[in-house]
Amino acid sequence: MAARWWHSAVVYQVYPRSFADSDGDGLGDLRGVVSKLDHVQRLGVDVIWLSPVYRSPQADNGYDISDYYDIDPRFGSLESLDELIEEVHARGMKLIMDLVVNHTSDEHPWFQASRDPNSPFRDWYWWRDARPDHEAGTPGAEPTNWESYFSGPTWTFDEASGQYYLHLFGPKQPDLNWENPEVREAIYEMMRWWLDRGIDGFRMDVINLISKDPALPDGEPLGEDPGALGDGTPFFVSGPRIHEFMSEMYSQVLQTQDLRLLTVAETPGVSIEDARLFTDAARHEVNMVFGFDHVGLDRGADKFDVVPRDLVTLKECLNRWQVGLADVGWNSLYWDNHDQPRAVSRFGNDHPDHWAASAKALALVLHLHRGTPYVYQGEELGMTNSPWASIDDFRDIESTNYYDLAVEAGREPDDILPGLRQMSRDNARTPVQWDASPNAGFTSGEPWIQVNPNYERLNAAAQYNDPDSVFNFYQRVIELRHRDPVIVDGSFEMLEVEHPQLYVYVRQLDNRRLLVAANLSNDPAEWSEPLGFVLLHNGGPLDPARLAPWEARLYELVGSPEAQK
Ligand code: TEU
């Protein structure tokens, strides 16, 4: 596979609303991002992925866009975005923007116009009559039984026109009709406008949902009771024309600037087979995708029904993705983002005794895989999930909708809250903890969401000059990737697959082999030292026969593989 610059790159995600507030309104903004670029550059990353800052009513924190060509005044202006692009480029980094084009806001002029059945914009969205032999506007009359990602049905009835419109997410996020070539051309034109403005690519929000089965069939019911909602994913996840649309987007927008760009598709529910189709360089669709298998292993009946996940299952899952994209395509590598709980709380142990070691172990384990790693804001500090006293503390539509419908269905709050506390996206959206000053240095005003009370202990200022800090460990891991071709181009082989505590794998390129060994458990693990020397270690005595809880080591192996046996 021809080497591309993003094979050795590391991407840092900024969720601007929670990153840094420059004007004291309690909300992060673009000037705040500029003020913290030295922090990002010091980490050593190559690309910043900026979550949406376009004009939006903020029903889903900006993933509901009402004007693709303007910046929401809450975050700044086009001028402040131009300043950010300039400052990022001046530091030798690139900036990719979030592209949210499966849906718009219901306040977008396109949707407002489409409300008129006679408007040429009617066909820019999915408007349909009530299901036959049902009275329009009554429960169960929705055109399909699909369940929304944000709970409830995916259709909302519009009294004025007597039809329903489709929204896979919230009612304020109507799905665009990508079957309509006018929609596609309008999106491509907008993408070209942003590339001409100097951005370096896109993170494409739920882009594998843009192609729906036009027959709009019902999904398998998700419950026993009559009228239960159904699983529509077989009819909109990587739908019938998805690869046609992605190829068209490449040829219409990306092709002429391909070499400088990074494109990553967010693809909920994507299979490895489909990921190969999306990321096969010969097919010219996108550079990489975000898979969801590993962040679905602790999901029971739904996201907030948390089930135990063991390390063997996690290893098998990540190994499948390494093997599946070894010869064709490219992996992204991530533990968390703005939609997932904090990595150290979910995959590590955020108890003060193990917090730092486990955060560093997770960094080493993830970043030495084959693929492009993503660091989510605050992950480089080991930021943890936050304590949530009641539903009133939550801000995220996904969490509050789930809670409201669960209470409506008769469940007790005390039965619902534990799952929300563990899995809510708000865990990732508490403000970045810059220092021990009020509000962790995030804002001089009233923050839009609670600041994690552990900020006085856990913050960037406390870590910069601590050689053993999580921040400095991330720096060393990222620097390794920039320096060592084995990490970028080497093969991957998982070892100790059935071991309940150890995550061990080898990367090999030509005659060089690196071995990662991590004890991802709260108990010591027996270990037999390989022939080699330790390149990086997350702390503690190097016992050749034992790995301490959450201890991680990177070895350069010596001698032939046979000699290691
Ligand atoms: O997320 C899509 C998506 O799959 C998430 O809803 C994810 O499934 C869920 O949050 C995990 O439980 C993208 C954006 O990243 C998310 O922030 C938006 O809410 C969503 O699309 C709609 O744009």
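The numbers here are math on the coordinates, done by the rules we state, and not lab data. The model shown is predicted, which means the values in this text are computed figures rather than measured ones. Every residue, glycine among them, receives a Cβ derived from its backbone with ideal geometry; neighbour counts consider all protein chains shown.
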Requested in this report: Would you give the gap between the C-alpha center of region 28-58 and the C-alpha center of region 428-503, rounded to a whole Å?
Outcome: 16
**Report entry** Three-way shape label, region 338-496, alpha-carbon gyration tensor, a/c 1.5
**Finding:** oblate
Report summary line: Neighbours of residue 218 by Cβ distance under 12 Å: Lys/Arg at +1, Asp/Glu at -1, summed charge -4
**Report entry** Residues whose placed amide H lies under 5 Å from that of residue 13, excluding near-sequence neighbours
**Finding:** 49, 375, 376, 377
Query - Ranked by how many other beta carbons lie within 10 Å on average, peptides 195-204, 410-419 from highest - result: 195-204, 410-419
Report summary line: Spelling it out for residue 163: with amide H atoms placed in the peptide plane at 1.01 Å from N, the residues 5 or more places away or on another chain with amide H under 5 Å from its amide H are 158
Query - Amide H within-cut-off set for residue 99, under 5 Å, with H built and near neighbours excluded - result: 203, 204, 205
**Report entry** Computed Kirkwood radius, in angstrom, where 1/r is averaged over Cα pairs of region 226-364
**Finding:** 17.2
Report summary line: Taking a ≥ b ≥ c as the square roots of the Cα gyration tensor eigenvalues, with a/c under 1.5 meaning rounded and otherwise prolate when a/b beats b/c or oblate if not, region 457-501 comes out oblate
Query raised in the report: Where Lys and Arg each count +1 and Asp and Glu each count -1, what net charge lies around residue 130 among other residues with Cβ under 13 Å from its Cβ?
Result: -4
Query raised in the report: With the Cα gyration tensor of region 468-565 giving a ≥ b ≥ c as the square roots of its eigenvalues, does the rule (a/c under 1.5 for rounded; else a/b larger than b/c for prolate; else oblate) give rounded, prolate or oblate?
Result: oblate
Query - Residue-wise HN-Hα coupling along region 410-418, computed from phi with Karplus coefficients 6.51, -1.76, 1.60 (Hz; x: Gly, Pro) - result: x, 7, 7, x, 5, 8, 8, 4, x
Query raised in the report: Which GluC sites (Glu not before Pro) from region 487-532 combine a DSSP loop assignment with at most 14 other Cβ atoms within 10 Å?
Result: 498
Report summary line: About its Cα centre, the chain carries a charge dipole, from +1 on Lys and Arg Cβ atoms and -1 on Asp and Glu Cβ atoms, whose size in debye to the nearest 20 is 1940
Query raised in the report: Can you put 355, 5 in order, fewest other beta carbons within 10 Å first?
Result: 5, 355
Report summary line: Only helices counted: for the chain, with every DSSP H run of 4 or more residues adding -39500 (n - 2.57) and the sum spread over all residues, [θ] at 222 nm is -7000 deg cm²/dmol
Report summary line: At 4 °C and 1.567 mPa s, the Stokes-Einstein diffusion coefficient in µm²/s for the chain, with hydrodynamic radius from the Kirkwood sum on alpha carbon pairs, is 53
Query raised in the report: Per residue and in Å³, how big is the convex hull formed by the alpha-carbon atoms of region 422-513?
Result: 171
Query raised in the report: Where a Cα-Cα gap under 24 Å defines reach, which lysines qualify for residue 94, not counting those fewer than 8 residues away within the same chain?
Result: 36
Query - residue 189/residue 220 FRET efficiency (R0 35 Å; Cβ-Cβ; nearest 0.05) - result: 0.35
Report summary line: Within region 304-322, the residues whose backbone N lies under 20 Å from a label point placed 7 Å from the Cα of residue 493 along the Cα-to-Cβ direction are 315-322
Report task. For a quick protection proxy, order the peptides 532-542, 272-282 by their average other-Cβ count within 10 Å, most packed first. Result -> 272-282, 532-542
